[in-house]
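The values are calculated or read from the model by the stated rules, or taken from the named source; none is laboratory data. Here the structure is a predicted model, which means the values were calculated and not measured. Virtual Cβ from ideal backbone geometry, glycine too; neighbours counted across all protein chains shown.
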Amino acid sequence: MSEAAKLRIFVVDDDDAVRQSLALLLGRRYPHIVRPHGSGESFLEALQPDSAGCVVLDVRMPGMAGPEAFAGLRETHGQLITIFLSGHGDIPMAVQAIKEGAFDFLEKPCDDQTLLDKVAHALTVAEGVMRQRKVEASVQERMSTLTPREVEVAQKLREGRNNKEIAREIDVNFRTVEHYRANVFAKMGVRNAVELAQLLFDRDGRR
């Protein structure tokens with residue numbers, strides 16, 4: 001299954017007509033992946049730990065308003081890209097949400113093509129986030145197989161230290177460093193220090 005096939009589009013709006021209209025519009029472009037919700041509470045309750053994609057989120061709703069739902073979303077579901085829908089008077093709230101990490105906002109009523117374009121862009125970003133999370137998980141799993149001393153050597157290699165420098169800095173002999181280095185490369189699935197450094201940089205999102 002492709003990364004894009006695992007993505008979902010959540011439409012969260014308490015106005016039945018608006019919610020149904022948006023879900024219908026998006027469903028024609030993205031069949032089988034649109035999930036409408038009438039409140040911030042039901043939206044957050046329905047999310048799975050691995051939920052990924054984007055959410056079109058109304059700013060003003062009874063009960064849990066959009067910004068509150070967004071705050072809850074950021075704590076537990078960082079893979080979801082958020083597009084706010086705001087009335088004219090809600091724009092300052094939407095702008096503040098952008099500063100806090102929301103992807104974009106659209107003013108109601110929004111043009112159909114503009115919404116489709118924004119969602120398409122958000123899904124592209126979400127797909128990249130999914131790939132990055134997989135890299136992080138894979139590297140972290142491999143890192144967990146290293147001994148504390150091997151972790152120390154891996155970090156030194158990442159910083160560009162050669163074997164002699166590492167031996168001096170961690171106070172072991174040259175041959176021991178060679179042994180640790182070979183173990184690190186084997187466990188991390190790399191051939192040299194350059195590949196190791198790149199792998200660790202990719203894990204941290206610094207490309």
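Can you work out which of the residues in region 130-176 that are polar (S, T, N, Q) and within 35 Å of the chain's Cα centre (by Cα) is surrounded by the most Cβ atoms within 10 Å (Cβ to Cβ)? Going through the qualifying residues, I end up with Gln132.
Take Pro62 and decide whether it is touching an Asp or Glu at 6+ places or on another chain (Cβ under 8 Å), exposed (fewer than 15 other Cβ atoms within 10 Å of the Cβ), on the phi < 0 side of the Ramachandran plot and in the same structural domain as Glu127 (by TED's automatic domain parsing). Break it down into steps so the answer makes sense when it comes.
Details: touching an Asp or Glu at 6+ places or on another chain (Cβ under 8 Å): yes; exposed (fewer than 15 other Cβ atoms within 10 Å of the Cβ): yes; on the phi < 0 side of the Ramachandran plot: yes; in the same structural domain as Glu127 (by TED's automatic domain parsing): yes.
Taking the combined requirement at face value, the residue satisfies it.
Going through Thr124, Thr176, Thr114 one at a time, which residue ends up being in a helix (DSSP H, G or I), among the hydroxyl-bearing types (Ser, Thr, Tyr) and in the same structural domain as Ala193 (by TED's automatic domain parsing)? Just one listed residue meets the conditions, Thr176.
Conditions tested, residue by residue: (1) at pLDDT 95 or above; (2) at positive phi; (3) assigned by TED's automatic domain parsing to the domain that holds Phe84.
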{"residue": "Lys108", "(1), (2), (3)": "no, no, yes"}
{"residue": "Gln140", "(1), (2), (3)": "no, no, no"}
{"residue": "Arg161", "(1), (2), (3)": "no, no, no"}
{"residue": "Asp171", "(1), (2), (3)": "no, yes, no"}
{"residue": "Ala197", "(1), (2), (3)": "no, no, no"}
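If Asp117 passes every condition in (1) farther than 19 Å from Leu25 by Cα; (2) free of Cβ contacts under 8 Å to residues at least 12 places away in the same chain; (3) among the acidic types (Asp, Glu) but one, which one does it miss? Condition not satisfied by Asp117: (1).
From the list Phe201, Phe185, Phe105, the one residue that fits, being not in a helix (DSSP H, G or I) and not aliphatic (A, V, I, L, M), is Phe105. Taken as a whole, the structure leaves Ala65 outside the set of residues that are under 19 Å from Phe43 (Cα atoms) and either touching a strand residue (DSSP E or B) at 6+ places or on another chain (Cβ under 8 Å) or free of Cβ contacts under 8 Å to residues at least 24 places away in the same chain (or both).
Residues that are over 18 Å from Val119 (Cα atoms) and either surrounded by 14 or more Cβ atoms within 10 Å (Cβ to Cβ) or under 23 Å from the mean Cα position of the chain (by Cα) (or both) within region 3-42 comprise Asp14, Asp15, Gly38, Ser39, Gly40, Glu41, Ser42, listed in sequence order.
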